[in-house]
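Colleague: What follows is a single structure, and I will ask about it in a moment.
Quick note: the coordinates plus some simple rules give every number you see, no bench work behind them. Computed from a predicted model, the values in this text were never measured in an experiment.
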Amino acid sequence: MKCKKIFILAALATTLPISTSSSALALVAPQTGSLESHGTASSNEERSNGFSAEAHLAERGEPGGFVSVTWSVANNGSRSAFFNWPSGTSYMYSNSNYFSGVTITSHNGTMRHHPIMDENGGCLCSGNLSFDFKEEIHPGEQVAYWSMYSVPEDVDTITLEIPGFEPIEDIPIS
């Protein structure tokens with residue numbers, strides 16, 4: 001089986017070649033300390049109470065149809081809590097990926113984009129198969145995650161929708 005290569009521009013401006021046959025296993029979670037914020041979102045469901053979400057980076061790769069989005073979740077509560085619920089139900093990803101439900105919209109909300117699915121049916125996003133995956137977030141801790149989307153080249157801003165949080169609008173694609 002021929003392996004296709006996808007290039008993701010990581011949060012710290014490094015390029016990582018990703019074989020779609022290896023899915024998310026080869027990816028490292030970006031660090032939040034050096035990332036700027038493009039918006040925050042508060043909880044809009046009971047299960048996300050005590051958490052907040054933040055959009056950090058939407059970066060277009062080469063070729064221009066792929067957009068990598070770096071986002072994070074912070075535990076603002078007083079107890080450790082699990083963040084493992086935003087899985088999607090629109091598509092059947094093969095790897096039970098926790099974050100396959102994180103979507104983006106473009107063109108004033110008329111186009112919804114789900115994370116890219118690799119040739120094995122896995123989600124190209126952070127998740128429980130990543131080496132650096134973290135589902136339990138301690139009080140005061142912020143954990144960065146990422147998702148990869150196929151987005152038309154004429155789109156220059158997106159809205160990030162993380163289940164359990166208000167949408168984060170007008171995130172520029174760099």
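Colleague: Subtract the Cα-Cα distance of Glu136 and Asp154 from 0.36 nm times their separation in residues, and report this length gain in nm to one decimal.
Modeller: 2.7 nm
Colleague: Taking θ as phi - 60°, what are the ³J(HN,Hα) couplings along the range 63-77 by the Karplus curve (6.51, -1.76, 1.60), each to the nearest whole Hz, with x for Gly and Pro?
Modeller: x, x, x, 9, 10, 9, 10, 9, 9, 9, 10, 10, 8, 8, x
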